[in-house]
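First comes the structure, then the notes that go with it.
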Amino acid sequence: MKIAVCVKQVPDSWAEKKMVNGVLDRENVDAVLNDLDEYAVEEALRIAEAHGGNEDGGANTVTVISMGPDRATEAVRKALSMGANDAILVTDSALAGADALATSAVLSKVISDGGYDIVICGTESTDARMSVVPAMISARLGWAQLTFASKVSVDPAGSVSITRVTEAGVDEMSAAFPCVISVVEKINEPRYPSFKGIMAAKKKTIEQKDLAAVGVSGQSAWSQVNDATPRPARAAGIKVTDEGSGGSALVDFLAEKKLI
Amino acid sequence: MSNVFILADFSGDKATKTTAELATAAARIGAVTAVVLAGNGKGAALAATVNQGPIANILVVESDDFAQFGVAACADALANLIKEKSPSAVLIASHAFGKEVAARVAVLTDSGIITDAVDVTADGTATQLVFGGSTTVHSKVSHGTPIITVRPNSVEADLSDTSAAIENATANIGDAAKKSKVSSSQPPVKGGRPELTEANIVVSGGRGTNGDFAAVEKFADELGAAVGASRAATDAGWYPHSHQVGQTGKTVSPQLYVACGISGAIQHRAGMQTSKTIVVVNKDPEAPLFDIADFGVIGDLFNVLPQATDGIHAKKG
């Protein structure tokens, strides 16, 4: 099987994030592989390992696909050190400030040219938190959408079934190749890259392409930010120490605020 | 006056309060048409529950494909209706299903999309709270039909009764939207408590519960609140993952948020710091969550909560 995993480099979730000219300032923060994409990489590797492996001469390949600045090679390299075979990174100055629609258009072209059987994504990035890119890729390619999976079973003969878990309940779903899968946190425990994996990743190929090489024209964002303002920090209010009547003090506060 | 679509939101066979919230926001832009996607023969009954909020028309679309093919079929039918009726904007509830429908509709109609809006103005400008609620952003779709998903519990709903005119439309669903098949569906297990993201009050427990959520649940039930949990608590297996509040869980914005035994890592704050009033109960006086609490009690939640539960019970008489 040819498996692709879409990953994104995001600001470290502990870092303070700022907007500059209507887009997230990505230059001045620590950047990491999106936490939620690690589950996607792990799931891709487990699927490959369960069906003949992805070592040299194995039955499967796992390719990491990403879009981002030069610096995104760090996040891609992390996915490679976990065990993916190779990577494609689309980098183009025209993509700065790209929205989810533009991102999904670029990823879709790379995916469709790669001839993959399945594409695996995280459910969302920890920076934009939209959860829309997997559905957009599925719609653009006309591939089956199997998203918010808490369990994935693959039949290498050409079909996938998943358990979809959302606030609306639990669905059992299935589809034939090719399909776009997104996996929720908790589907697995992502492995830590081993020393051997980190060394091997240094020799793996990251094919870096610009938009012309991918063969799509850059599309500007279809929504515009008018303004972005930091919200005033919340000030600490009343603080009492419980010396036997803390619960009653809490009830008095709630009553005073008309919350009960 | 222009026409605005909302995708009516249902829980089981009843329209949710979110439907009225969507209608309230959409009515600022134009006359509201609520689109009801239903299984064959189920449209009239579902439409009858869409009875609150400023809704001018209800458009019922029936097809068994919605249940059989899920998000993709729903999005295809909605996108085709949008192409046919050219609404000036489309508002959809911001949960997993709603965001995915919106994503596909944006692609299919060549339109811009904004997710997780907490407010929408008459000219279609959406307000979003990003980076864990630390930044307010105003933005506007600049291409195609604005597709905007609105977070439940953000817009104050006009809950006045409505008796909108009901019209039927044909479900137009292409083969590309019938590739992933739903073989079985189970609704979420309801414990009689309100849905986390829709609740007016949320009481959450963390590491300080030591795995015992009884005091948290009793206090929540006395308040008619939903129960949430920190990542530490869900990772430890003390509470279901579906109740996790935080950056990688649910984002809530209730009138009152009570955090019990939660220190307040940034991951947790990101999911709750836009709550109107925040109360913190924690043994540790240094817990960072006290910094954003309107009211904090330094004390053991196993002493404070039962006393507060009894106090509220007594006040109710």
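Every number in this text was worked out from the coordinates using simple rules, so none of it is lab data. Fair warning: this is a prediction, and the values are worked out from it, not measured in the lab. Every residue, glycine as well, gets a Cβ built from its backbone with ideal geometry; the counts of neighbours run over all protein chains shown.
Quick notes
- Of the residues A:Ala228, A:Ala31, A:Ala87, the one that moves most in a GNM of chain A with alpha-carbon contacts below 10 Å is A:Ala228.
- Debye-sum result for segment A:76-158 in log10 I(q)/I(0), which assumes one identical scatterer on each alpha carbon, at q = 0.10, 0.14, 0.22, 0.26 Å⁻¹: -0.28, -0.57, -1.43, -1.60
- Scattering profile of the protein assembly as shown at q = 0.10 Å⁻¹ [log10 I(q)/I(0), Debye over alpha-carbon scatterers]: -0.87
- Segment A:1-86: trypsin sites (Lys or Arg not before Pro) in DSSP coil with no more than 16 other Cβ atoms inside 10 Å: A:Lys18
- Compactness of segment A:14-129, expressed as Rg and Dmax over alpha-carbon positions, Å: 15.1, 49
- Axis of helix B:301-316 versus longest Cα principal axis of chain B: the two differ by about 70°, to the nearest ten degrees.
- Alpha-carbon centroids, segment B:12-47 and segment B:95-173: separation in whole Å: 13
- B:Ala308 sits among other residues whose Cβ lies under 12 Å from its own Cβ, and their net charge, with Lys and Arg +1 and Asp and Glu -1, is -2.
- Top of A:Asn54, A:Asn226, A:Asn21 by mean-square fluctuation, Gaussian network on chain A, Cα under 10 Å: A:Asn226
- Local electrostatic count, B:Gly41, Cβ distance below 15 Å [Lys/Arg +1, Asp/Glu -1]: -3
- Shape call, segment B:160-253: gyration tensor on alpha carbons, a/c limit 1.5: oblate
- Counting only Cα atoms, the size of chain A along its three principal axes is 70, 41, 40 Å, in decreasing order.
- Positive-end extreme of charge dipole, segment A:2-214 - chosen from A:Leu141, A:Ser108, A:Leu211 (charges on Cβ): A:Leu211
- Rounded to the nearest 10 degrees, the inclination of helix B:65-85 to the longest alpha-carbon principal axis of chain B is 60 degrees.
- Inter-centroid distance (Cα atoms) of segment B:273-317 relative to segment A:1-79, Å: 40
- Burial ranking of peptide ranges B:168-177, B:256-265 (average Cβ count within 10 Å, highest at the top): B:256-265, B:168-177
- Applying the criteria of a DSSP loop state and at most 14 other Cβ atoms within 10 Å to the trypsin sites (Lys or Arg not before Pro) of segment B:198-278 yields B:Lys276.
- Mean projected area in nm² (Cα convex hull; one quarter of hull surface) for chain B: 17.0
- Ranked by the mean number of other Cβ atoms within 10 Å of their residues, highest first, the peptides B:208-214, B:151-157 fall in the order B:151-157, B:208-214.
- Length-normalised contact order of segment A:2-214 in % [C-alpha pairs under 8 Å, at least 6 apart]: 26
- Percent RCO, i.e. relative contact order, over segment B:36-96, from Cα pairs under 8 Å lying at least 6 residues apart: 33
- Prolate/oblate/rounded call for segment B:29-76, Cα gyration tensor, a/c under 1.5 rounded: oblate
- Within a Gaussian network of chain B (alpha carbon springs, distance under 10 Å), most fluctuating of B:Val182, B:Val105, B:Val281: B:Val182
- Segment B:196-316 shape via C-alpha gyration tensor axes, a/c threshold 1.5: rounded
- Lys/Arg +1, Asp/Glu -1 at C-beta; the protein assembly as shown dipole; positive extreme among B:Trp238, B:Ser253, A:Val7: A:Val7
- About the centre of its Cα atoms, the protein assembly as shown shows a dipole size close to 240 debye [charges on the beta carbon of Lys, Arg (+1) and Asp, Glu (-1) only; nearest 20 debye].
- Crossing angle, helix B:214-223 versus chain B [Cα axis fit, 0-90 degrees, rounded to tens]: 60
- Once the gyration tensor of the Cα atoms in segment B:95-212 is diagonalised, the equivalent ellipsoid follows with semi-axes of 29, 23, 18 Å, ordered largest first.
- Segment B:176-234 and segment A:129-171: distance between their alpha carbon centers, rounded to Å: 23
- Square roots of 5 times each gyration tensor eigenvalue, C-alpha, segment A:18-69, largest first, Å: 34, 11, 8
- Set A:Lys8/B:Lys179; A:Lys78/A:Lys202; A:Lys151/B:Lys181; A:Lys186/B:Lys14; B:Lys14/B:Lys85; B:Lys250/B:Lys315 screened for pairs whose C-alpha atoms are more than 20 Å apart: A:Lys8/B:Lys179; A:Lys186/B:Lys14; B:Lys14/B:Lys85; B:Lys250/B:Lys315
- 222 nm mean residue ellipticity, helices alone, for the protein assembly as shown (DSSP H n ≥ 4; -39,500 (n - 2.57); rounded to 500): -8000 deg cm²/dmol
- For A:Ala48, net neighbour charge (Lys/Arg +1, Asp/Glu -1) across residues whose Cβ lies under 12 Å away: -3
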